[in-house]
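Nothing in this text is a laboratory measurement; each read-out follows from the coordinates by a stated rule. A quick note: this is a predicted structure, and the numbers were derived from the prediction, not measured. Virtual Cβ from ideal backbone geometry, glycine too; neighbours counted across all protein chains shown.
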Amino acid sequence: MAARGGLFHIEPVSAWNLEPPMRAIAAALVVFAAALSAPALAQPRQDFVELNERLSPAVVNIATANRIGDEDGIPVFPPGSPLERFNDMLGDGPRVERSLGSGFIIDAAGLVVTNDHVIDEADEVEVVLQDGRVLPAQIIGRDPATDLAVLRVEAGQALPFVSFGDSDASRVGEWVVAIGNPFGLGGSLTAGVISALGRDIGGRYDDYLQTDVAINTGNSGGPLFNMAGEVIGVNTAIFSPTGASVGISFSIPSAVAQPVVDQLIEFGETRRGWLGVNVQPVTADMAEAMGLANARGAVVTRINPDGPAADSQLAIGDVVLAFAGRPVADDRALPRIVAETEPGSTVEVEVFRRGQAVTLEVTIERLEESGAPQRPVGATGPEGEGLAAAPDAALFGLTLEPLTDALRRRYRVHPDADGLVVTEIDPDSDAAGKVRVGDVVEEIAWTDVEDLDQARGLAETAGADGSPVLFSLNRQGQYVLQTLRATAS
């Protein structure tokens, strides 16, 4: 074997008269040399050039204007008046505030999706196409609950557009691309990966995709693309102590956005289903105490007396495991599933009720957005000092007393509450942070609580092996489930 021209050259071997091991080595060297001398094979692109060229024509800039006049506290003096000269100082005519955002065309006829907060309170909305054309836009519909809006423009010709993809198929670590209008600079592309799924940042229907894509002011309403060029998210928010991108961005997933957009196009508004319940999550301890195999579903803590659930067999304490054939992963999933259910339809609800699986039916009504029941965040009860209690009144770190009229007034106990009121909590117990002074223990292990001795017996029996014990609490009229463990001695 000799080296020629910087590459390996294989000298011919007469009749391949080599031992089998050497013959195999020689064959491998021949293949290696052939690979070195052959033209380089075409490599797949490692950039986003093709995606950008294909998708960016459908991404638009959104410009809005709010006219400011006398009603906004900034006077505009009429021509010929003695004070007209002050208009030069304040600016002639009505002042206009402009804001910029992003959007994307989803139909060749000119339908545009953006964020509701981009066009909120705007008197005028304009869409700026990639070729520089500026088109006045009509607001077709808005949905503040999901921060989505649909506009329409008339271009006189078919426009480039993009389509929604399936965000439910997205996985953490996948490449994604955002195209938008950061800081009003015009079409800009940034890329990154999906860093988390199902993020809740405080909204009623939150299920955000979290990415490390650079999203900044002006990107709001722009599309988040997967590598197939499908819109799997609408860029909406960032988490930042500085106001600029720090690599934590949130996008409304297409699974949430597309049904809302479809309704806005068809009706000009959303038509969400309403069940009329409040729910709380199922913790691991709660699942163990209830006999559930794992922590899933949503616990019904309140039933609105005017809601559709009040006319069904659904009960407080039920754990909703499936709704309309869709599994309920947690307390955040249920409101989204209900909202996507067609008003007027009758659906099956699978619940876990005190150790038994039960299937119910409920007829869904339409949610009136202005008076929609809000998901409870918990009310803070009075934290005043409790009355002196007997030493044996403590249970799992709770000091409990039978309800009296005086205690009802002191702790503002709901009229419907019945059981033992919590007057003190041991800060070193498992109850600290779970139970509040003023809560009323109504049930322990699904059994009504009548007095302290009975409550202690129920708790000791249910937690005899160290298992968590289920407490049903009345917190100012709100039903709350908590699991407690005995404090180690």
(message) Taking θ = phi - 60°, what integer Hz values does the Karplus form 6.51 cos²θ - 1.76 cosθ + 1.60 yield along segment 464-476, in sequence order, with x for Gly and Pro?
(response) 4, 9, x, 6, x, 10, 8, 10, 9, 10, 10, 10, 6
(message) Cut-off is 10 Å between beta-carbons; in what order do Ser245, Ser345 appear when sorted fewest neighbours first?
(response) Ser345, Ser245
(message) Less than 15 Å Cβ to Cβ from Ala295, Lys/Arg counted +1 and Asp/Glu -1: what total charge do the surrounding residues give?
(response) -2
(request) Count the net charge of all other residues whose Cβ sits under 14 Å from the Cβ of Gln210, scoring Lys and Arg as +1 and Asp and Glu as -1. (result) -3
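Report Rg(Cα)/(2.2 N^0.38 Å) for segment 108-231, keeping two decimals.
With N residues counted in segment 108-231, Rg over 2.2 N^0.38 Å equals 1.09.
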(message) For the pair Asp453/Asp405, report the inter-label distance in nm, with labels modelled 7 Å from Cα in the Cβ direction.
(response) 2.7 nm
(request) Quick one: which residues, 5 or more positions from Glu340 or on another chain, have an amide H under 5 Å from its amide H? H modelled 1.01 Å from N in the peptide plane, none for Pro or chain starts. (result) Gly273
(request) Provide the FRET efficiency to the nearest 0.05 for the Gln157-Val246 pair, computing r from the beta carbons and using R0 = 56 Å. (result) 0.85
(request) Identify the residues of segment 325-342 with backbone N under 18 Å of a label point that sits 7 angstrom from the Cα of Ala357 along the Cα-to-Cβ direction, or state none. (result) 325-330
(request) Residues in segment 418-457, backbone N under 15 Å from the label point at Gln478 (7 Å along the Cα-to-beta-carbon vector): list them, ranges by number please. (result) 433-440
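Would you mind ranking Thr64, Thr236 by Cβ crowding within 10 Å, fewest neighbours first? Write down the numbers at each step before the final one.
Details: Thr64 21, Thr236 27.
With the sparsest Cβ surroundings first, the list reads Thr64, Thr236.
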(request) Would you please give the residues with an amide H less than 5 Å from that of Gly218, counting only those at least 5 places away or on a separate chain, with H modeled from the backbone geometry? (result) Phe183
(request) Convert each backbone phi in segment 408-421 into a coupling constant with the Karplus relation 6.51 cos²θ - 1.76 cosθ + 1.60 (shift: θ = phi - 60°), then list the ³J(HN,Hα) values in order as whole Hz, x for Gly and Pro. (result) 4, 5, 4, 9, 6, 5, 4, x, 7, 6, 8, x, 10, 8
(message) Using amide H atoms built in the peptide plane, which far-off residues or other-chain residues are under 5 Å from Asp107 H to H?
(response) Val162
(request) Report Rg (one decimal) and Dmax (nearest whole number) for segment 150-307, counting Cα atoms only, units Å. (result) 18.9, 65
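How much length is gained if the chain between Leu197 and Met227 is pulled fully straight, taking 0.36 nm per residue apart and subtracting their Cα-Cα distance, in nm to one decimal?
Here the answer is 9.1 nm.
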(message) Suppose the chain between Ala295 and Phe183 were pulled fully straight at 0.36 nm per residue; how much longer would it get relative to their current alpha carbon spacing?
(response) 35.9 nm
(request) Provide the net charge surrounding Thr483, with neighbours chosen by a C-beta distance below 10 Å and charges set as Lys +1, Arg +1, Asp -1, Glu -1. (result) -1
(request) Output the Kirkwood hydrodynamic radius of segment 259-349, Cα pairs only, in Å rounded to one decimal. (result) 14.0 Å
